[in-house]
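Have a look at the structure below, then the notes.
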Amino acid sequence: MLRFATAGESHGESLVAMVSGLPAGVPVDQALLDRELWRRQRGYGRGGRMRIERDTAHILSGVRHGKTIGSPVAMTIANNDWKNWEEILPVEAGDPAKHKAVASPRPGHADLAGSLKYDFPDARYVLERASARESAARVACGAMAKMLLRALGVEVASHVIRVGQAGLSRPADWQEILALQAKDEVLLNCVDAGDEQRMKGEVDAVLKTGDTVGGVFEVVVHGLPPGVGTHANWDERMDGLLAQAVMSLQAVKAVEIGRGVTAAESLGSAVHDAIGYEGAGDGTDGDFTRFSREQNNAGGIEGGISNGEDVVVRGYLKPISTLRRPLASVSFATREPVKAAYERSDVCVVPAAGVAAEAMVALTVARLAIDKFGGDSLREMERNYRGYCEQIRTY
């Protein structure tokens, strides 16, 4: 089974990421890995921390001569900001006078719940691990999953479809979404320039008032054949696993597969994807079978199983909880009303959240692909994959 784990704090020395279960022989592209980390740092509305960090992944194990070797891949991502926090957050006891307490919990964060749970007198240690800085380690793990999926012809990409009240006004096609990954100038990662400017206006408005703004990102998996995932057990369904994976990201409060939200208020005749039988079924551009669908309202998943259409997952991101104009809170020490503590933060992170969601989706799909096709080496997995694709083409 493909598994991953992360460690590290927002202002600690580094983040740690480990992926196990990758087959041997997967080509590892360091430039692609670092670009994924770079993409997570981009986007209009990011805060000052992103001007400090220059995220790159240092691979410690599991890769030799440019390919995975079947053992766990371990990576570190240095925190450049650590030099400003060494005396504040030392591993040893250190000087208590230099401790930088978070004296009042911030609404919307894990501050209060975490402090109560772990019996901390302030929210510093909760903040350090609960921070979305942790998602950089997930992106590094997700990049490894993407490299495996690419070897099978499967791609994962994201785009932003809403910031605040400004939304994408037209459908986006796959090539447009994929092209966003190659852009060196990232504004809000929207496929339509006009809509992107309207989204920028939403960010500009909250910048003036000291507020924050959320939005919606969409992740698309392209080229996945039908039959990945299963209906057989509740905890093996692809849609359930994707929902958990994306919901686990900081600030994501809802997840949608396909037309899940609007389907709830629609008639069945307008929602379900009619099935036809046509086409050459030659395997090009995801044409795995002669079965076809006029629409993809199901988001590429039926009964917990991929159906050969693009898998479409949306994440609904709440506004960042740290406000420059803080909300009401209570002092940990006195229990008296105060303003919530303020830590340097972003105003809008919807594009960055989309990149982190790509990582979580890629890790989930790669895990299910390994479960289905197996193989200790990439050659073995590719052979199994080709055999299965031939089986469904001739169904």
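Filter the stretch 334-347 down to residues that are at pLDDT 95 or above and assigned to a loop (DSSP other than H, G, I, E, B) and give me whichever is surrounded by the most Cβ atoms within 10 Å (Cβ to Cβ). Result: T334. Screening the stretch 281-316 for residues that are outside any strand (DSSP E or B) and in contact with a Phe, Trp or Tyr (Cβ under 7 Å, 6 or more places away or on another chain) and picking the one that is modelled with the lowest pLDDT gives R290.
Out of curiosity, is S135 small (G, A, S) and in a strand (DSSP E or B)?
Criteria not met by S135.
Any chance the stretch 104-111 includes a residue that's part of a helix (DSSP H, G or I), in contact with a helix residue (DSSP H, G or I) (Cβ under 9 Å, 6 or more places away or on another chain) and within 20 Å of R344 (Cβ to Cβ)? Taking every residue of the stretch 104-111 in turn, at least one turns out to be part of a helix (DSSP H, G or I), in contact with a helix residue (DSSP H, G or I) (Cβ under 9 Å, 6 or more places away or on another chain) and within 20 Å of R344 (Cβ to Cβ). G215 fulfils the conditions (1) small (G, A, S); (2) buried (at least 20 other Cβ atoms within 10 Å of the Cβ); (3) under 26 Å from A151 (Cβ atoms) except for a single criterion, (3).
Please pick out the residue among I320, I305 that is under 30 Å from the mean Cα position of the chain (by Cα) and over 30 Å from A123 (Cβ atoms).
Sole residue among the options that is under 30 Å from the mean Cα position of the chain (by Cα) and over 30 Å from A123 (Cβ atoms): I305.
Remark: pairs (first residue in the stretch 74-98, within 22 Å of L60 (Cα to Cα); second residue basic (K, R) and at pLDDT below 95; Cβ separation under 8 Å; 6+ apart in sequence or on different chains) = N79/R133; N80/R54; D81/R49. Candidates in the stretch 218-234 are the residues that are of a type in the set (A, V, I, L, M, F, W, C) and buried (at least 18 other Cβ atoms within 10 Å of the Cβ); of these, the one that is nearest to G308 (Cα to Cα) is L224.
L178 passes all but one of (1) under 17 Å from the mean Cα position of the chain (by Cα); (2) surrounded by fewer than 19 Cβ atoms within 10 Å (Cβ to Cβ); (3) assigned to a loop (DSSP other than H, G, I, E, B); which number fails? The one condition L178 does not meet is (3). Taking the criterion of being over 15 Å from the mean Cα position of the chain (by Cα) and among the charged types (D, E, K, R), the residues of the stretch 247-274 that qualify are R259, E265, D273. Contact map, the stretch 345-373: first residue farther than 14 Å from C190 by Cα, second residue charged (D, E, K, R), Cβ cut-off under 7 Å, separation 6 or more or different chains; pairs are D346/R46; A356/R40; A356/R138; A359/R138; M360/R138; A362/K146. The one condition from (1) basic (K, R); (2) in contact (Cβ under 8 Å) with a residue 40 or more places away in the chain; (3) more than 30 Å from R367 (Cα to Cα) that K146 does not meet is (3).
Would you check which residues across the stretch 207-241 are closer than 26 Å to E196 by Cβ and assigned to a helix (DSSP H, G or I) and list them? Scanning the stretch 207-241 gives L207, K208, T209. Within the stretch 252-267, identify whether any single residue is buried (at least 20 other Cβ atoms within 10 Å of the Cβ), in contact (Cβ under 8 Å) with a residue 60 or more places away in the chain, among the small types (G, A, S) and not in a loop (DSSP other than H, G, I, E, B), and answer yes or no. No: the stretch 252-267 contains no residue that is buried (at least 20 other Cβ atoms within 10 Å of the Cβ), in contact (Cβ under 8 Å) with a residue 60 or more places away in the chain, among the small types (G, A, S) and not in a loop (DSSP other than H, G, I, E, B).
Kindly indicate which of P107, P121 is under 23 Å from P319 (Cβ atoms), touching a residue at least 40 places away in the same chain (Cβ under 8 Å) and surrounded by fewer than 17 Cβ atoms within 10 Å (Cβ to Cβ).
Just a single option satisfies the conditions, and that option is P107.
Put simply, of R64, R54, R40, R35 the only residue that is surrounded by fewer than 20 Cβ atoms within 10 Å (Cβ to Cβ) and closer than 16 Å to A359 by Cα is R35.
The values are calculated or read from the model by the stated rules, or taken from the named source; none is laboratory data. Please read all numbers here as calculations on a predicted model, not as lab measurements. Cβ sites come from the backbone with ideal geometry, for glycine too, and all protein chains shown count toward neighbours.
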